[in-house]
1. Mind checking which lysines have their C-alpha under 18 Å from Lys297, skipping anything on the same chain fewer than 8 residues away?
2. Starting from 0.36 nm per residue, how many nanometres of slack lie between Glu203 and Arg373 once their C-alpha separation is accounted for?
3. Per Stokes-Einstein, at 4 °C and 1.567 mPa s, what whole-number D in µm² s⁻¹ belongs to the chain, with the Kirkwood radius over Cα pairs as the hydrodynamic radius?
4. Shape call for region 1-120 from the C-alpha gyration tensor, a ≥ b ≥ c root eigenvalues: rounded (a/c under 1.5), prolate (a/b greater than b/c) or oblate?
5. Between Val324 and residues 5 or more places away or on another chain, which pairs have amide H atoms under 5 Å apart, with H built 1.01 Å from N, and which residues are they?
6. Counting only protein heavy atoms and a 1.4 Å probe, tell me what percentage of the chain's accessible area is made up of carbon and sulfur.
7. What whole-number value in Å² describes the accessible area per residue of region 1-142 for a 1.4 Å probe?
8. Where does region 159-292 land on the Kirkwood hydrodynamic radius, alpha-carbon pairs, in angstrom?
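The values are calculated or read from the model by the stated rules, or taken from the named source; none is laboratory data. Nothing here was measured: the structure is a model prediction, and the numbers come from that model. Note: accessible area is taken over every heavy atom of the protein model, side chains too, but ligands, DNA and RNA are not part of it. Shrake-Rupley method; radii C 1.70, N 1.55, O 1.52, S 1.80 Å.
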Amino acid sequence: MTRRLDNATARRVFLDRHALAEPPTGPSKGDDLHALIERLGFVQLDSVRTVERAHHMILFARRQSYRPAHLPPLLARRQVFEHWTHDAAVIPMGFYPHWHIRFARDRRGLHGKWERWQSHEFLSKCTEVMDHIRENGPCGSGDVGADEGRSKGGWWDWHPSKTALEYLWRAGDLAVTRREAFRKVYDLTERVIPAELRDPPPEADSIDWLCRGALARLGFATPGEIAAFWAHVTPAEAKQWCEAGLATGELEPLEVETADGGLRKCLTFAGANLAAPEPPGRLRVLSPFDPALRDRKRAERLFGFHYRIEIFVPAPQRVYGYYVFPLLEGDRLVGRIDMARAGAALHVNALWPERGVSWGSGRQARLEAELARLARFAGLDQVTWADGWLRAAR
């Protein structure tokens, strides 16, 4: 008989796997921070700083002693590296061998596309950039290509040498050694990545490791969700891995109740303990790029929370706002808040409760306590509120 997981339990399991089912307390630097990133798998990097950058918000939501100064030392000590999952991310260094599959696929997938984008200059610039770094040491995009024209290809206003740097990083020839004002500084991979991690394992071993690690961090998933977690393996490869696991008995089917009462067919490890603690009732602000929200459709199925970031939506067409933060309370997503830095203040423009959520004095007190903590984290002095900030649910 197929196991079944009710929606409340499924939400708790999901939050537990994403380190959101426990109080956000405890140490948040050095090896403890590394352990948290390893538990999550990766932390997405993003440059937008309406309050604080996404990677810092993700870590703060789980460890409220965390501060932005805690992350760069991990890169400096080579405990983490930067590369790509579904987007740019910081990743535990021990995972590096299994990124060779991504390097090879990006090399094949980006080469022709970016050569067409940047014309014949692209190939020669790759050679020039490698020679420059080999002879002169680490460099950023501002150190090369000063006399080059910019691409006309949309919002990526890249000169050919910048494109070469990004391609060589994505293909594994270069690695990020540090950031300066959030701009990547690249060096030869052999100067950044420990020698014992630079040999690629067999591709089949990496596919197994990636699928296994994805399912462990999700608790339950479909083959498509497993493939999307790291964005390294194809849906076909994840499906084949799942079929093999079912055949050997390592995996078992699971029916998961969705927020609307439907059932979704998933997989989990055979005999997996799918009990999880009830999350604390405190209210937390989540980054739009939080791991728990990265798969928007999955979050909607589990929590009934429809979320789309509207950065690239023209202002008159936005439903909520430019950069709106989801609000997590216990095991529910209870609303979203539009707020940003305004001088030395954290200024709340608007808040929309979810349908069926009443915004009483108790919930408001929990929000104010969380925003006070968030303001301190962001180095701000106070929280201010716009007139008419509390909006009707949509």
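1. Output for Lys297: Lys265.
2. Separation in residues times 0.36 nm, less the Cα-Cα distance, equals 56.7 nm.
3. 57 µm²/s
4. oblate
5. Counting only residues 5 or more places away or on other chains, the set is Glu310.
6. 51 percent
7. Counting only protein heavy atoms, the per-residue value for region 1-142 is 41 Å².
8. Evaluated on region 159-292, it is 18.3 Å.
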